[in-house]
Amino acid sequence: MSFARRNNVKLMTLISTRALDAHRRNVGHLVSVGQDLARTAGKTQEMALASAQTIGYRTAMMLQAFGDPVAMSNPEFTLMGHEKVEAAVESHRAMMESGQALLESWMAWAFGQATTTTKAFAELATCRTPADFISLQQHYLQSTWVNATNAAAKLTQAAIRITDAGLIPVHKVASANAKRLSEQNGAD
């Protein structure tokens with residue numbers, strides 16, 4: 001006779017009802033994380049292409065202006081520095097605002113772990129048999145695992161959203177520059 005049957009223990013399985021319910025709840029969240037990551041990757045690609053185009057135009061302008069003091073006074077050369085500083089400041093501000101979600105996710109995870117542990121210790125006092133103890137331990141491990149996987153998805157999404165928030169101002173400036181310089185150089 002098996003230990004579980006002999007001691008009237010319901011062993012936890014990966015396909016238990018509670019585990020399946022937790023996994024179903026996490027699937028929607030994981031899909032959302034994937035969509036955020038794909039959107040951020042797309043913006044990064046667009047920004048990289050726009051930046052390469054802008055760098056090409058500005059490098060050509062600098063080479064043409066090299067040695068000509070009048071050509072070096074082109075407002076585009078001062079605009080470059082101002083735009084970078086403004087985009088960096090706006091990016092930093094946006095990332096700091098988005099950082100609150102990361103902190104909230106981390107705090108929710110820590111609170112969930114503390115709650116689960118406190119509950120397990122309180123229930124430990126009610127264990128009368130080894131079967132009760134094993135059942136409590138399984139419930140604790142499963143709750144801890146579900147809480148950790150849920151927190152990992154939320155923390156990942158918060159980090160992606162911080163990155164996305166910081167990317168938006170830089171993407172905006174890089175795309176606008178590429179478009180403006182392309183129109184000025186007749187490349188459209």
Working carefully through the options N185, N177, find the one that is within 30 Å of S51 (Cα to Cα), over 18 Å from the mean Cα position of the chain (by Cα), buried (at least 18 other Cβ atoms within 10 Å of the Cβ) and touching a residue at least 40 places away in the same chain (Cβ under 8 Å). N177
Which residue is nearest to N177 (Cα to Cα), if the candidates are limited to the range 31-48 and must be over 17 Å from the mean Cα position of the chain (by Cα) and surrounded by 13 or more Cβ atoms within 10 Å (Cβ to Cβ)? M47
Is it the case, given these coordinates, that R93 is in contact with an Asp or Glu (Cβ under 8 Å, 6 or more places away or on another chain) and surrounded by 13 or more Cβ atoms within 10 Å (Cβ to Cβ)? no
So D188 clears everything in (1) at pLDDT 85 or above; (2) among the charged types (D, E, K, R); (3) over 14 Å from A101 (Cβ atoms) except one condition, right? Which one? (1)
Quick one: which of A110, A60, A120 is in a helix (DSSP H, G or I), without any contact (Cβ under 8 Å) to a residue 40 or more places away in the chain and touching a Leu at 6+ places or on another chain (Cβ under 8 Å)? A120
All-but-one check, A19 against (1) surrounded by fewer than 15 Cβ atoms within 10 Å (Cβ to Cβ); (2) at pLDDT below 85; (3) within 26 Å of Q157 (Cβ to Cβ); (4) of a type in the set (G, A, S), failing number (1)
Is there a residue being out of contact with any Lys or Arg (no Cβ under 6 Å at 6 or more places or on another chain), closer than 18 Å to S51 by Cα and assigned to a helix (DSSP H, G or I) anywhere in the range 132-139? no
Just checking, does the range 91-100 include any residue being under 18 Å from S51 (Cβ atoms), at pLDDT 90 or above, in a helix (DSSP H, G or I) and in contact with a Gly (Cβ under 9 Å, 6 or more places away or on another chain)? yes
Kindly check whether there is at least one residue in the range 146-156 that is surrounded by fewer than 19 Cβ atoms within 10 Å (Cβ to Cβ), of a type in the set (S, T, Y), closer than 17 Å to A41 by Cβ and at pLDDT 90 or above. no
Neighbours by Cβ (under 9 Å, 6+ apart or cross-chain): first from the range 65-79, over 15 Å from L181 (Cα atoms); second surrounded by fewer than 12 Cβ atoms within 10 Å (Cβ to Cβ) and aromatic (F, W, Y): M72/F66
Can you confirm whether H82 is out of contact with any helix residue (DSSP H, G or I) (no Cβ under 6 Å at 6 or more places or on another chain), closer than 11 Å to A165 by Cβ and not basic (K, R)? no
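The values are calculated or read from the model by the stated rules, or taken from the named source; none is laboratory data. Not measured: the values here are computed from a predicted model. Positions of Cβ are backbone-derived with ideal geometry, glycine not excepted, and every protein chain shown enters the neighbour counts.
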